[in-house]
Each structure stands twice: as structure tokens, then as C-alpha cells.
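**Q** One structure is given below, represented as C-alpha cells, and several questions about it will come after.
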Amino acid sequence: MAMCVEDRISSFLDPILCHILSFLPIKEAVRTSIISTKWRYLFASISTIKFDGYSMSGLTDRNIDSFKNFVDRLLKSPDQVGLDCFRLSHEICLWNDGDHDFDISGWICAALCRGVKEIDLQLGYLEDILPAVLFTCGSLVTLKLDAVGHKFKFPSDVCLGNLKTLYFRDSFFEDLAFIECDFYNTSVINIQTPSLKRFILDFDLGGFGDLNYVVVINAPNLVYFQYSDVVAQGYTLSTMKSIEKAHISICGCDTIDSQTIATHLIQGICNVRSLRLTIDKIFRTIRLPIFHNLIEFEFLGHGFNGRETWLVEFLHCVHNLKTLILNFSVVAGTQWKVLEVPFCLSFHLKKIEISRFNTYIIEIVLYFLDNAMILEKLIITMDNLTVTRKKKTRKQLLQLVKSSKKCLKLVVIL
């Protein structure tokens, strides 16, 4: 006697069946269309579409055009459901020749129109097929672009408001920037790009939650580096032998551990020639290396006592400094005369710029006039003083320069 088997799966609602089919390779999902009339078109409503080596196995010159038409209909037909994931692997490039041109850019646009959340492109080339709309898609949560050995350009305007995961793999990537980003749910920010020359990590400084991520950067040919954030859980920076300029702004150095971590970040850019540093807490300079190449240093110290002493300690690490720019309000109490004179002041420093002038700036000016032996130019900005105070202070500065008997140019910006 024949056994009657009940088809319980077919009794599920269509959305449930489509969700189940989304876990199957596209080839297997399509094969379910022969089960019954109910299943005939269910595969067209799956939320995950992946074309990899398995789904393209068995293609020949005879059926490749049919495959292309199938993909066009699957992605571009109207009244389709939203997409969770769209993935193309490099095998598709083997057939995308002059005889069989796939509309890969059109496929990507179709996926974007369906509100796709994840796009994963593992292709041998990307330069000519990435539509600009890909980089302004509000639905994308994950974007992965893999084009090893090929260079591709991005549009000037990139806005991916819901993006949480971004992955690039490209040996010719030269310029990368993350502006006002939030990485609170990230454990590691890992940048491994030997060709990278300009890199900006400008994070969201508005929030001070628990930042549990580690920053790893392997970019030995980096020329420009900009970093703004609360101190992370750790920094691993490869030796940047080519770095010319760096802008570093860090806050949250409240503990010994965070101060040590901040020091590791500064250590990673020890070959830099021009450094702009903004900090809101002191971190120990004893572990800093000698910055042999640093010739220009701009220091912005906000909201902590002892920044003047810290500055002088840091100057002991920059033997060849030629230009010093100070942008912070000097406070009373620093015993400048007892501070040990850094090597760079005696032998290399030629230009000093001081902004945010206040009453106590005279003390630091005296310190530099006494110890900067080859100083050529002193620029002071006094835009925060009253007119009367500006005139009085300017006269006082001229007298100090004259009494120092140094042949230098004094520039006072009122």
C-alpha cells in the first residue's frame, strides 16, 4: 500500500517560504518551481540573491544569454520584494566579455531600487561598473567591494547614512576618509592598504560612551593622516616611513591606561614632518620616541592644567623643530625659568606663532626670547584683547624684543 506523505511545508504562507528559499543557492531555489503551481514563482521573491561559482556552473556559450536574461528579469521585474543581500563573485567576470556583456551596473541599480541592505561585489574590476547611486543609498547597512589589483574611483559625494559595515579590498586605494562616523558597535577598525596615501578618521566626538574598538592601520606609504576621536581601546600602527603631515585630535585621556594608549598613537607617527596636535589631558611624554623628522609643530591644549610644562617636555622629543605654533590660553603659575631648555630651542627653532593671547603670555614670550637662540620671526595674534590693551601689550612686546638683542622680526596681529 502506498504511503501518503503530507506536504506541510507548502501550507506555509508565501513570505515564510520565500524566507526559507533565501537560504538556498539561487540554482536550488529556482528548481523548487517544479514542485507545484504554488511554488512556480516563489523563487522570484527571495530576499537574498547571490551569484557565485556554484550558481554559474554548467554555463556554456549556448545558454549564457539565457542566464543573462534570467538575471535581468529576476532583479528588474516590477513589484518585487525588498532585498536583504545582493552578491556577485568573480566567476561572473569570466563570461562578461565582448560577446556576452552583462549589465552589472544595471543589476546593482536594480538591487538598490529594491532597498537592498547588503551588497557584496567580489569582481576582478570595479572602475567602470559602480553606479554613483551606490554611494548615496540610504538602505545599505553593509557594503563590501573586492577588486584586488585594480583601481576604482569614488564620486566626490558619499552619503551612506545607515552603513554599519564597510569593507574594501583593493591594492591601489590611495585616498580614504571617514567623516563624523559612529563606530560604537565595532570591535576593530582594520585598514590594510599599502598604497594608501591620504587617510582621515574623523569620528563623532559628541558621544563619550564605552568605545571598545581597536584601530589597526597598516599603510606604510601614508603621506597624510588625520585622526579625531576619544581614545580607543588600542592602536596598532605600522611604521609610516613616508608620512609628511598629521592632524591628531584626541580626548578622554582620563586614566593611566588611556594615556598609555594615546602615547601608542603618537608613537605610530614618529616619522612625521608636520604635526598638529590637540589634546584635553596630559599623557606621559617619557615613552615618546625622538621625532627626528618633525620640523613644524602646532599645539592646541584645551581644558587642562600643566599644558605649558607638557609642551616643553614634548619639545625635548623634537630635536630639529623649526616652526612652533601655539594656540591655547596660557595660565598663571608656570615657572618658566626653571624649565630645562629643549635642544631644538637652542639650535633649530626659527619661527614661533602664538594665538589666543592673554595677560600671562608675556612669560612664555620671555622664555622663548631667552632660549630660542636663532629665532628669526615671532608672530603674535591679539584679537581677543581690547583696543587699549592691544596697544599697551604691543609696546611691551617691542621692548622685550629690543632688550633681547636678537635680530628677529616681530609681527603683531591686532
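The values are calculated or read from the model by the stated rules, or taken from the named source; none is laboratory data. These figures come from a predicted structure and were not determined experimentally. Cβ placement follows ideal geometry from the backbone for every residue including glycine, while neighbour counts extend to all protein chains displayed. Just so you know, the surface numbers come from the protein's heavy atoms only, side chains and all, with ligands and any DNA or RNA stripped out. Shrake-Rupley method; radii C 1.70, N 1.55, O 1.52, S 1.80 Å.
**Q** Can you compute the FRET efficiency between residue 20 and residue 113 using 1/(1 + (r/R0)^6), with r the Cβ-Cβ distance and R0 = 30 Å? Round to the nearest 0.05.
**A** Working: r = 25 Å, r/R0 = 0.82.
With a Förster radius of 30 Å, E is 0.75.
**Q** Here's a follow-up. May I ask you to rank 179, 354, 295 by accessible area, largest first, using a 1.4 Å probe over the protein chains only?
**A** On the way: 179 95, 354 5, 295 50 Å².
Solvent-accessible surface, decreasing: 179, 295, 354.
**Q** Roughly what would the spin-label model give for residue 322 and residue 309, points 7 Å off Cα along C-beta, in nm?
**A** Between residue 322 and residue 309, the label points sit 3.3 nm apart.
**Q** Determine the gain in length on full extension of the stretch residue 162-residue 346; use 0.36 nm per residue of separation and subtract their C-alpha separation, reporting nm with one decimal.
**A** Details: separation 184, 0.36 × 184 = 66.24 nm, distance 5.32 nm.
Result: 60.9 nm gained on full extension.
**Q** If R0 is 41 Å, what FRET efficiency do you get for residue 169 and residue 366 from their C-beta distance, rounded to 0.05?
**A** Taking R0 as 41 Å, the efficiency between residue 169 and residue 366 is 0.15.
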